[in-house]
Structure formats: C-alpha cells, structure tokens
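Trainee: The structure that follows is given in the form of structure tokens.
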Amino acid sequence: MATTAASGPTPSAGPHEGSPHASPAPAPAPAPAPPGQPAPISRLGIAAVVVTVVLWASAFVGIRAVGPSFSPGPLTLGRLAVAAVVLGLLVVPKLRGLPRGREWWPILAYGVMWFGGYNVALNAAEHMLDAGTAALLINVNPILVAVMAGVILKEGFPRWLIIGSLIAFGGVALIALGSGQRSTADVAGVLLCLLAAALAAVSVIVQKPVLRKFPAAQATWFGIMVGAICCLPFSGQLITELQAAPLPATLGLVYLGIFPTAIAFTTWAYALSLIDAGRLAATTYLVPGTTILISWLVLGEIPTVWGLVGGVICLVGVGLTRRRSR
C-alpha cells in the first residue's frame, strides 16, 4: 500500500502553548486523504505502473510478430526460460530461502494460471486476432478483478461497478459479433482472450498476499519457474522451431522474455505490493490504446471498425466501474 499520513486524532494543545518559553511546534502532518478517496501513489509506484503498461502493450505486438515462427506452447516456454535466467541472475544471489509448506500454494496457482495458462491462451489467440483487438479483449480483466475483490476481499458491489461491467461486456459481445462475421476462428480467438483475462484476474487476487511475504522480484521469479516447468512438454517443439526460425523472430522471443516478462511482471508485482488490486488493475485500461499505437507503427495493423467500437465501449464500461457511488 502507498504510505499515507497518519489519520489518528490530533493531540490537544498543552497549557503553556504559545508562551515565549514553549518549544517550537512541530510541522503539521500532511492532511489525510478524504474519507472514501484512494491514498496517493508513490513516485516509484507510478513509475512501476508506467513501465508495466508500456512493456505489456509491446508484448501484444511482439507475440503477433513472432507468431509465424513459434507455436503458442513453445513460445511460452521460450519466453519463460529467458525470463527465468535473466531474473534469476538478480534474485538467486539475494535469495535467503524458499517458500515453505502452504506458502507454495498461491505461488503454484498464479505460476500455472498466469505464467503458464495465460500466456499459452494469449499466444494462441493472437494467431487469430490482431494485436490491438487482443489487447482490447484482455482489458475486461480489471472488471473481473473488481468483481473478485468484491467477493473475496469483501469490498462489495457498488452501483457503478455493476453498470460499468454490463456495458463493458456489451463491448466484448460486439467485438465477438464482428469477429464472427469474418470467420469462426476469430470467435475462438475472442474466447481464448477471455480465458486469458480470467486467468490473469484470478492470479492478481492470489498473488497479492504473497507480496506481503516476499519481494516483488522473488515472487515473480517463483511464478516464472512454476510456469516454465508446466511448459516443459513443449521443449522438443521449441528446439525444432528455434532451429527453423529466422534471427529476427528469435530476437523477438528473447525480447518477450526479458522486457514484458522478467521486467514488466516484476514492476507489476512491485506496484501490486503498494496499491490495492482493484486500483492497480484499472491502470491496464491504458494498455489497449498503447498496443494499437505500437501495432500500427510496427506491424501496420489497425483493428476493424467492430473492434474499435466494441473496444471503446469496453473502455467506457471499465471507466464507469471506477466511479464512486454518492
């Protein structure tokens, strides 16, 4: 959580306050955030969010670019293997011990769901959908996080959360409808993106308590290792595809492993250790627009009209979920 000013009662003035011999009064503490308003985010937290958003947006483009050379499973394994080595160089020398007993359960959960299942589903989806549309669909993730936070963390279901969720899912339905008019394969891509979004949302809720016990880099590395182990059955296929892949595709895989995985998932975990899960998830609303811009510049891809309209509706919906009921 971000550090905030103390909100306890102000001590009453002493009987000699204001006398010439009184000690100088301490500087007044910053005023606490008004009731119902979120606490301020530290500069490091903001920087971590910005890095995460930009690098995750680039991942959608990178996956699309290397897709012709790597299948979904091998691409996930290669990306996680690179990330495990790079992040391991930083984590292992400072590692004081491994999780014990039940501490492994949430790590195993988000390692399998997020680093393994999410990536395989997203990679498969981007064989069918352009990068911008995939990013728009994944952006239902903040709504799912908010809903689960309401149930699991007892945050309730404010009116605007319900209204915004219905509008956003209407946008998803519009994207699916437009995709269905082109081919049934696109509908499969939409469903895979929604599956990836659900896996990521559950993982955010599961990862949050782990960050109270382990630093962000360690928690991320543990999850990456779990995901990589789950993807080991793709080893043979990865070796074959690496041998046939052109150099730019291989370099793209290395980029995905270092930047959107090792770095971005660590900055995300760091931000999650400072900020409420629901608030942090809301920052990913910026990912689709950033992805579309990068995709247009790098790949020359522009989403269809259906995708743009549905995506805008999604963004409006998720934006409404952040409004506070009076």
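Trainee: Open to solvent by less than 70 Å² (accessible area, probe 1.4 Å) and either at pLDDT below 90 or over 28 Å from Gly45 (Cα atoms) (or both): does that describe Ala244?
Mentor: no
Trainee: Give me a count of the residues in segment 104-123 that are open to solvent by 60 Å² or more (accessible area, probe 1.4 Å) and not aromatic (Phe, Trp, Tyr). Outline the logic, then answer.
Mentor: Looking only at segment 104-123, we keep the residues that are open to solvent by 60 Å² or more (accessible area, probe 1.4 Å), and these are 104-105, 108, 112.
Pick out the ones that are also not aromatic (Phe, Trp, Tyr) and you get 108, 112.
Looking only at that region, the number is 2.
Trainee: Take the residues of segment 235-253 that are small (Gly, Ala, Ser) and assigned to a helix (DSSP H, G or I): which is farthest from the chain's Cα centre (by Cα)?
Mentor: So in segment 235-253, the residues small (Gly, Ala, Ser) come out as 235-236, 244-245, 249, 252.
Of the ones still in play, those that are also assigned to a helix (DSSP H, G or I) are 235-236, 244, 249, 252.
On the way: Ser235: 26, Gly236: 30, Ala244: 32, Ala249: 24, Gly252: 21 Å.
Result: Ala244.
Trainee: Of Leu87, Leu95, which residue is crowded, with 18+ Cβ neighbours inside 10 Å and of a type in the set (A, V, I, L, M, F, W, C)?
Mentor: Only one candidate passes the filter, namely Leu87.
Trainee: Given Leu280, Leu299, which one is at pLDDT below 85, buried (at least 23 other Cβ atoms within 10 Å of the Cβ) and aliphatic (A, V, I, L, M)?
Mentor: Leu280
Trainee: Say whether the condition of being of a type in the set (Ser, Thr, Tyr), open to solvent by less than 10 Å² (accessible area, probe 1.4 Å) and part of a helix (DSSP H, G or I) is met by at least one residue in segment 49-61.
Mentor: The answer is yes, given that some residue of segment 49-61 is of a type in the set (Ser, Thr, Tyr), open to solvent by less than 10 Å² (accessible area, probe 1.4 Å) and part of a helix (DSSP H, G or I).
Rundown of residues vs (1) outside any helix (DSSP H, G or I); (2) in contact with a Ser or Thr (Cβ under 7 Å, 6 or more places away or on another chain); (3) under 18 Å from Val85 (Cα atoms), yes/no style:
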{"residue": "Pro233", "(1), (2), (3)": "no, no, no"}
{"residue": "Tyr255", "(1), (2), (3)": "no, no, yes"}
{"residue": "Thr261", "(1), (2), (3)": "no, no, yes"}
{"residue": "Ala264", "(1), (2), (3)": "no, yes, yes"}
{"residue": "Leu293", "(1), (2), (3)": "no, no, no"}
{"residue": "Trp296", "(1), (2), (3)": "no, no, no"}
{"residue": "Cys314", "(1), (2), (3)": "no, no, no"}
{"residue": "Gly319", "(1), (2), (3)": "no, no, no"}
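Trainee: In segment 135-151, which residues are within 27 Å of Trp306 (Cβ to Cβ) and either without any contact (Cβ under 8 Å) to a residue 12 or more places away in the chain or within 14 Å of the chain's Cα centre (by Cα) (or both)? Step through it out loud before you land on a result.
Mentor: To start, the set of residues in segment 135-151 that are within 27 Å of Trp306 (Cβ to Cβ) comprises 135-147.
Result: Ala135, Leu136, Leu137, Ile138, Asn139, Val140, Asn141, Pro142, Ile143, Leu144, Val145, Ala146.
The values are calculated or read from the model by the stated rules, or taken from the named source; none is laboratory data. Just so it is clear, the model here is predicted, and its values are computed rather than measured. Heads up, the Cβs are rebuilt from the backbone with ideal geometry, glycines too, and the neighbour counts pull from every protein chain shown. Please note that ligands, DNA and RNA were not included when accessible areas were found on the heavy atoms of the full protein model with its side chains. Shrake-Rupley method; radii C 1.70, N 1.55, O 1.52, S 1.80 Å.
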